[in-house]
1. State which residue pairs qualify: first residue outside any helix (DSSP H, G or I) and inside region 410-422, second residue among the acidic types (Asp, Glu) in any location, beta carbons under 9 Å apart, and separation of 6 or more residues or different chains.
2. Under 6 Å by Cβ, and 6 or more places apart or on different chains, what pairs join a residue from region 27-49 that is within 10 Å of GLY8 (Cα to Cα) with one that is near the ligand (Cβ under 6 Å from one of its atoms) and hydrophobic (A, V, I, L, M, F, W, C)?
3. Just one of (1) assigned to a loop (DSSP other than H, G, I, E, B); (2) crowded, with 21+ Cβ neighbours inside 10 Å; (3) in contact (Cβ under 8 Å) with a residue 40 or more places away in the chain trips up VAL237, so point out which.
4. Would you mind listing the helices (runs of 4 or more DSSP H) fully within region 150-213 where at least 2 residues are surrounded by fewer than 21 Cβ atoms within 10 Å (Cβ to Cβ)?
5. Take the residues of region 331-345 that are in contact with a strand residue (DSSP E or B) (Cβ under 9 Å, 6 or more places away or on another chain) and more than 12 Å from ASP213 (Cβ to Cβ): which is surrounded by the fewest Cβ atoms within 10 Å (Cβ to Cβ)?
6. Taking ILE35, is it more than 16 Å from ALA303 (Cβ to Cβ), aliphatic (A, V, I, L, M) and touching a Phe, Trp or Tyr at 6+ places or on another chain (Cβ under 8 Å)?
7. Hey, can you tell me all the residues within region 238-294 that are more than 16 Å from the ligand (Cβ to nearest atom) and either within 30 Å of MET335 (Cα to Cα) or among the aromatic types (Phe, Trp, Tyr) (or both)?
Amino acid sequence: MFDLIIIGGGPAGYLAAERAGHGGFKTLLIEKRFIGGVCLNEGCVPSKALLHSAKIFDYAKHGESYGVTTTGASIDQKAVIARKNKVVRNLVAGIKGQLKASHVTVKEGFGEILGRDQGVIKVKVGEETFEAKKLIIASGSEAIVPPIPGAKEGLEQGYVLTNREILNLEVIPKAMVIVGGGVIGLEMASYFNSVGSKVTVIEMLDKIAGPTDREISSILQKNYEKKGIIFKLGCKVTGLPKGAVEFEDGGKKQTVDADSVLLSIGRRPVTAGLGLEKLGVLVERGHIVVDDIGQTNVPGVYAAGDVNGNWMLAHVAYREAEVVINNLLGKRDVMRYNAVPSVIYTNPEVGCVGETEESATAKGMSCKVASISMNYSGRYMAENANGDGICKIVVDPVHNRLIGCHIIGNYASEIIVAAAMLIETEMKIDDIKEFIFPHPTVCEIIREAIFQL
Ligand SMILES: Cc1cc2nc3c(=O)[nH]c(=O)nc-3n(C[C@H](O)[C@H](O)[C@H](O)COP(=O)(O)OP(=O)(O)OC[C@H]3O[C@@H](n4cnc5c(N)ncnc54)[C@H](O)[C@@H]3O)c2cc1C
């Protein structure tokens, strides 16, 4: 008999298991594929390893802007993938070590809920049945494969890819079409553009990067158009025959050549086959419904990470898992989503947190916006030849607080957390003005933007 069973060993599941084990819970973690989940094995970490190789290659190719001349720079895609695999292996080994240190029992296989009998939850893995008082479902999400003619055949034959396959491509395609201009699509567009593919991004909406601030999306798009990526916005893909992508642009049928096609139109929570109905767990629009401590409608049954459909981000999954475990260990803790940073690891990077002017206005909030060039930061200027980044802050003038910050420019990924902390702690603008920022850092841009108000 376990205190806690967790289904799914991604960021939500492994962090919950570590914390629960550390807190003295007898914990079982069930994983059907790889410990580390999508994030470590086929998402966040491998994509960032690839993008870093691309960044080094870009610096090598364009070093002359910084007085550095290189000749013969080339990319070895097999070596890039091998390095990525090594990074993943090391990180996964680290997680396994932490689980062991927390005395977590790990079971490989598909976890299926059998039901609850006199307060005891039963979960089957293969021929074995395990019992526990509490259950966390952390089964994550999977890529949506749209019912476009050719998609299924393409996946079978290998010319259509999801995130799973693209991160293992050992041959750089001459022409790559990316269906979906959201975060995953843009990061992969960035990588394959840097390493020499002719990249076309086809997006149904009239802008890239989903809910990102419109001005920032537009700067990102212009940066990539300059680098040669073709964007087809407001277009619908209608067919994926081998070697091409068919789409409609303003009612007109068009075709673009493609050796490889990435499907990145979104992800959906994984709930099939879990046996949720055996416990009566409420699922709405494909995701498990949870309250602010991560509990489902069934007492003692929790869901954390992508499967609850709140935010499909690894750092949110970590925090949701932490909130569930804190409550299980007797410490009251609740989820708040008003200061979730999100990053696009393109080159330039984009980092956003909180309200945009558009979203604040749509919610009827009064807001004041300051927008400045990233060139106000000495370090940004020193490191980004011809950089056209901006930092935009959104302030609630009634309470004199920061409610949003949106940055395009390198290091945005690393500095956005500062803005998130200012939002989360509801710090007054006048107090922020008294902070001393290290100089010269790109982070000083937040201080500069605040002083523009
Ligand atoms: C290409 C790509 C890049 C990304 N980049 C970022 C990024 O830079 N930053 C970021 O924050 N997020 C990023 N994400 C999103 C991030 O990967 C997810 O938000 C995160 O992995 C969610 O964690 P999770 O624990 O909820 O689920 P997952 O990581 O999906 O893990 C769920 C695990 O559950 C297992 N499982 C499912 N059902 C069962 C079952 N019945 N029995 C046993 N095991 C089961 C699965 O095998 C899986 O290992 C990226 C995603 C992709 C695809």
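1. Filtered contacts from region 410-422: ASN410/GLU349; ASN410/GLU383; TYR411/GLU349; TYR411/GLU383.
2. Note: pairs meeting the criteria are ILE30/ILE7; LYS32/PHE110.
3. (1)
4. Passing ranges, in order: 151-157, 163-166.
5. ASN338
6. yes
7. Within region 238-294, PHE247, GLY280, LEU282, GLU284, ARG285, ASP291, ASP292, ILE293 qualify.
This table checks each residue for (1) assigned to a helix (DSSP H, G or I); (2) at pLDDT below 95; (3) within 6 Å of the ligand (Cβ to nearest atom).
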{"site": "GLY13", "(1), (2), (3)": "yes, no, yes"}
{"site": "LEU28", "(1), (2), (3)": "no, no, no"}
{"site": "ILE35", "(1), (2), (3)": "no, no, no"}
{"site": "CYS39", "(1), (2), (3)": "yes, no, yes"}
{"site": "PRO46", "(1), (2), (3)": "yes, no, no"}
{"site": "ALA49", "(1), (2), (3)": "yes, no, no"}
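The values are calculated or read from the model by the stated rules, or taken from the named source; none is laboratory data. Bear in mind the structure is a predicted one, so any value in this text is a computation, not a measurement. Here Cβ is always computed from backbone atoms with ideal geometry, including for glycine, and neighbour counts include all displayed protein chains.
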